[in-house]
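Below is one structure, written out as C-alpha coordinates; the observations come after it.
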Amino acid sequence: GEELDLFGQGCSKLRLTAVEAHSGVLDAGDFYSSCKASLNLFGGCVHRGMPLRPFEICCSGGLLFTQYNRELPALFDIGRDCVAFRTTDEMLAQMDRILTAPGEFDAIVQAGRQRVLRDHTWDHRVRRIVTAAKERFGVSW
(Lines give C-alpha, C1' and ligand atoms only; values in the text may rest on other atoms or scores of the structure.)
Protein backbone atom coordinates (compact mmCIF):
# COMPACT_ATOMS: atom_id res chain seq x y z
CA GLY A 1 0.00 0.00 0.00
CA GLU A 2 2.99 2.36 0.26
CA GLU A 3 4.80 3.82 -2.74
CA LEU A 4 8.30 2.50 -3.28
CA ASP A 5 10.68 3.85 -5.93
CA LEU A 6 13.67 1.65 -6.76
CA PHE A 7 16.88 3.08 -8.18
CA GLY A 8 19.96 1.12 -9.16
CA GLN A 9 21.08 -1.95 -10.98
CA GLY A 10 20.30 -5.56 -10.13
CA CYS A 11 16.62 -5.11 -9.26
CA SER A 12 15.61 -7.42 -12.10
CA LYS A 13 17.42 -10.29 -10.36
CA LEU A 14 14.74 -9.98 -7.69
CA ARG A 15 11.98 -9.64 -10.30
CA LEU A 16 11.61 -5.95 -9.45
CA THR A 17 11.72 -2.97 -11.79
CA ALA A 18 13.87 0.05 -11.06
CA VAL A 19 12.70 3.56 -11.90
CA GLU A 20 16.24 4.24 -13.13
CA ALA A 21 19.20 1.92 -13.66
CA HIS A 22 21.48 4.51 -12.09
CA SER A 23 20.85 5.56 -8.52
CA GLY A 24 21.46 9.27 -9.15
CA VAL A 25 18.38 11.25 -8.15
CA LEU A 26 17.55 14.64 -9.64
CA ASP A 27 16.73 17.22 -6.98
CA ALA A 28 17.99 14.75 -4.39
CA GLY A 29 17.51 17.14 -1.47
CA ASP A 30 13.81 17.51 -2.13
CA PHE A 31 13.41 13.84 -3.00
CA TYR A 32 15.08 12.35 0.10
CA SER A 33 13.51 14.83 2.52
CA SER A 34 10.03 14.03 1.16
CA CYS A 35 10.38 10.27 1.73
CA LYS A 36 9.54 8.46 4.96
CA ALA A 37 12.87 6.64 4.59
CA SER A 38 15.55 5.99 1.99
CA LEU A 39 16.58 2.35 1.94
CA ASN A 40 20.27 2.02 1.12
CA LEU A 41 21.40 -1.44 -0.01
CA PHE A 42 24.98 -2.14 -0.97
CA GLY A 43 25.46 -3.41 -4.50
CA GLY A 44 28.29 -5.43 -5.90
CA CYS A 45 30.39 -2.30 -6.50
CA VAL A 46 30.99 -1.69 -2.77
CA HIS A 47 33.59 -4.01 -1.31
CA ARG A 48 34.96 -1.66 1.33
CA GLY A 49 34.09 1.78 2.53
CA MET A 50 30.84 3.62 2.06
CA PRO A 51 29.26 4.90 -1.15
CA LEU A 52 28.21 8.55 -1.37
CA ARG A 53 24.46 7.87 -1.21
CA PRO A 54 24.16 7.56 2.62
CA PHE A 55 25.84 10.95 3.05
CA GLU A 56 23.61 12.48 0.38
CA ILE A 57 20.47 11.09 2.03
CA CYS A 58 21.39 12.47 5.47
CA CYS A 59 22.59 15.83 4.21
CA SER A 60 19.34 16.23 2.27
CA GLY A 61 17.28 15.79 5.43
CA GLY A 62 16.22 12.24 4.69
CA LEU A 63 16.08 9.23 6.99
CA LEU A 64 18.98 6.90 6.20
CA PHE A 65 17.67 3.33 6.46
CA THR A 66 20.71 1.26 5.59
CA GLN A 67 22.14 -2.19 5.41
CA TYR A 68 24.86 -2.62 8.03
CA ASN A 69 28.48 -2.80 6.93
CA ARG A 70 31.65 -2.84 9.00
CA GLU A 71 32.53 0.79 8.24
CA LEU A 72 29.11 2.17 9.26
CA PRO A 73 29.79 2.57 13.02
CA ALA A 74 32.86 4.72 12.33
CA LEU A 75 30.82 7.08 10.14
CA PHE A 76 27.39 7.18 11.79
CA ASP A 77 26.04 6.45 15.26
CA ILE A 78 23.55 3.67 14.54
CA GLY A 79 20.20 4.42 16.13
CA ARG A 80 21.09 8.08 16.58
CA ASP A 81 22.18 9.20 13.07
CA CYS A 82 20.64 6.39 11.01
CA VAL A 83 18.59 3.20 11.17
CA ALA A 84 20.53 0.05 10.24
CA PHE A 85 19.75 -3.63 9.85
CA ARG A 86 21.71 -6.84 9.37
CA THR A 87 19.00 -9.29 8.34
CA THR A 88 15.85 -9.26 6.25
CA ASP A 89 13.77 -9.75 9.40
CA GLU A 90 15.41 -6.72 11.05
CA MET A 91 14.85 -4.69 7.88
CA LEU A 92 11.15 -5.57 7.75
CA ALA A 93 10.63 -4.88 11.47
CA GLN A 94 12.35 -1.49 11.21
CA MET A 95 10.37 -0.65 8.06
CA ASP A 96 7.12 -1.42 9.89
CA ARG A 97 8.16 0.96 12.70
CA ILE A 98 9.04 3.70 10.20
CA LEU A 99 5.77 3.35 8.29
CA THR A 100 3.67 3.18 11.46
CA ALA A 101 5.21 6.18 13.23
CA PRO A 102 7.47 8.18 10.91
CA GLY A 103 7.53 11.14 13.32
CA GLU A 104 9.44 9.03 15.85
CA PHE A 105 12.40 9.21 13.49
CA ASP A 106 12.57 13.01 13.17
CA ALA A 107 15.38 13.20 15.75
CA ILE A 108 17.40 10.62 13.78
CA VAL A 109 16.91 12.64 10.58
CA GLN A 110 18.18 15.79 12.30
CA ALA A 111 21.12 14.01 13.97
CA GLY A 112 22.11 12.36 10.68
CA ARG A 113 22.11 15.70 8.87
CA GLN A 114 24.13 17.36 11.64
CA ARG A 115 26.62 14.48 11.61
CA VAL A 116 27.21 14.76 7.87
CA LEU A 117 27.60 18.55 8.03
CA ARG A 118 29.94 18.25 11.01
CA ASP A 119 32.13 15.35 9.83
CA HIS A 120 31.50 14.30 6.24
CA THR A 121 31.50 17.19 3.77
CA TRP A 122 33.83 17.40 0.78
CA ASP A 123 35.76 20.06 2.70
CA HIS A 124 36.45 17.52 5.46
CA ARG A 125 37.52 14.86 2.98
CA VAL A 126 39.85 17.15 1.03
CA ARG A 127 41.47 18.39 4.25
CA ARG A 128 42.11 14.77 5.32
CA ILE A 129 43.62 13.94 1.93
CA VAL A 130 45.90 16.99 1.98
CA THR A 131 46.97 16.27 5.57
CA ALA A 132 47.72 12.64 4.71
CA ALA A 133 49.69 13.71 1.60
CA LYS A 134 51.72 16.20 3.65
CA GLU A 135 52.55 13.54 6.24
CA ARG A 136 53.28 10.81 3.72
CA PHE A 137 55.25 12.78 1.14
CA GLY A 138 56.61 15.65 3.23
CA VAL A 139 55.07 18.30 0.95
CA SER A 140 54.33 21.75 2.31
CA TRP A 141 51.33 23.04 0.40
(request) Please work out which residue is surrounded by the most Cβ atoms within 10 Å (Cβ to Cβ), limiting yourself to the stretch 33-46 and to residues that are assigned to a loop (DSSP other than H, G, I, E, B) and out of contact with any strand residue (DSSP E or B) (no Cβ under 7 Å at 6 or more places or on another chain). (result) Cys35
(message) Among (1) free of Cβ contacts under 8 Å to residues at least 12 places away in the same chain; (2) surrounded by 13 or more Cβ atoms within 10 Å (Cβ to Cβ); (3) assigned to a helix (DSSP H, G or I), there is one condition Asp123 misses while meeting the rest; what is its number?
(response) (2)
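Identify, from the list Gly62, Gly49, the residue that is part of a loop (DSSP other than H, G, I, E, B), out of contact with any Pro (no Cβ under 7 Å at 6 or more places or on another chain) and surrounded by 14 or more Cβ atoms within 10 Å (Cβ to Cβ).
Working: Gly49 fails: surrounded by 14 or more Cβ atoms within 10 Å (Cβ to Cβ).
After ruling out the rest, the residue left standing is Gly62.
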(request) Could you please let me know if Val139 is surrounded by fewer than 19 Cβ atoms within 10 Å (Cβ to Cβ), part of a helix (DSSP H, G or I) and among the β-branched types (Val, Ile, Thr)? (result) no
(request) Filter the stretch 72-96 down to residues that are touching a residue at least 12 places away in the same chain (Cβ under 8 Å) and within 22 Å of Arg125 (Cα to Cα) and give me whichever is most open to solvent (accessible area, probe 1.4 Å). (result) Asp77
(request) Give Ile129, Ile108 a once-over and let me know the one that is among the aliphatic types (A, V, I, L, M) and surrounded by fewer than 11 Cβ atoms within 10 Å (Cβ to Cβ). (result) Ile129
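The values are calculated or read from the model by the stated rules, or taken from the named source; none is laboratory data. Note that this is a predicted model, so its numbers are computed, not measured. A quick note on method: Cβ atoms are made from the backbone with ideal geometry, for glycine too, and the neighbour counts reach across all protein chains shown. Heavy atoms of the whole protein, side chains included, go into the accessibility calculation; ligands, DNA and RNA do not. Shrake-Rupley method; radii C 1.70, N 1.55, O 1.52, S 1.80 Å.
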